[in-house]
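Structure first, then comments.
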Amino acid sequence: VPEDQADKLLLASWDLPKAVLEKYHSLGVVQMFEWQAECLMLGQVLEGRNLVYSAPTSAGKTLVAELLILKRVLETRKKALLILPFVSVAKEKKCYLQ
């Protein structure tokens, strides 16, 4: 992330609703890793273009996907489909995203 865009590491700088920010903050998520912010700033990803990224288990890939989905749903007022690999993860995300 360029130095002049260091604020992009903070979740609060991504124009998310207050309730969403409060939920992330209650879970201890206040800012992203540099690579996560870079993913969100690539090309036209926030306008709906495709993004393929890879990171180790527990590196924070889901946060990138959640933020992309949340921003697109809120901005376009369209629905999104989130596909998860396991029932346990799906149940966890259902509770989390409600």
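So is L97 surrounded by 12 or more Cβ atoms within 10 Å (Cβ to Cβ) and at pLDDT 90 or above or not?
Against the criterion (surrounded by 12 or more Cβ atoms within 10 Å (Cβ to Cβ) and at pLDDT 90 or above), L97 does not qualify.
What number goes with the only condition from (1) assigned to a helix (DSSP H, G or I); (2) of a type in the set (S, T, N, Q); (3) surrounded by fewer than 12 Cβ atoms within 10 Å (Cβ to Cβ) that S13 does not pass?
Result: S13 fails condition (3) only.
Among the candidates V45, V64, single out the residue that is touching a Leu at 6+ places or on another chain (Cβ under 6 Å) and open to solvent by less than 30 Å² (accessible area, probe 1.4 Å).
The unique qualifying residue is V45.
Does V52 qualify as being of a type in the set (A, V, I, L, M, F, W, C), within 12 Å of the chain's Cα centre (by Cα) and not in a helix (DSSP H, G or I)?
No, not satisfied.
State which residue is least open to solvent (accessible area, probe 1.4 Å) when the search covers only segment 18-41 and only residues that are out of contact with any helix residue (DSSP H, G or I) (no Cβ under 7 Å at 6 or more places or on another chain) and part of a loop (DSSP other than H, G, I, E, B).
Result: G28.
May I ask you to verify whether F86 is open to solvent by 50 Å² or more (accessible area, probe 1.4 Å) and touching a residue at least 24 places away in the same chain (Cβ under 8 Å)?
No, not satisfied.
What pairs can you find where one residue is in segment 30-47 and in contact (Cβ under 8 Å) with a residue 40 or more places away in the chain, the other is surrounded by 15 or more Cβ atoms within 10 Å (Cβ to Cβ), and their Cβ atoms are less than 9 Å apart, with a gap of 6+ or different chains?
M41/V1; M41/K8
Quick one: how many residues across segment 50-62 are touching a helix residue (DSSP H, G or I) at 6+ places or on another chain (Cβ under 6 Å) and on the phi < 0 side of the Ramachandran plot?
Number of matching residues: 3.
Let's see how each residue does on (1) modelled with pLDDT under 90; (2) assigned to a helix (DSSP H, G or I):
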| residue | (1), (2) |
| --- | --- |
| A59 | no, no |
| V64 | no, yes |
| A80 | yes, no |
| L84 | yes, no |
| A90 | yes, yes |
| K93 | yes, yes |
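The values are calculated or read from the model by the stated rules, or taken from the named source; none is laboratory data. Owing to the predicted nature of the structure, the values given are computational and were not obtained by experimental measurement. Note: ideal-geometry Cβ built from the backbone for every residue, glycine included; neighbour counts use all protein chains shown. Heavy atoms of the whole protein, side chains included, go into the accessibility calculation; ligands, DNA and RNA do not. Shrake-Rupley method; radii C 1.70, N 1.55, O 1.52, S 1.80 Å.
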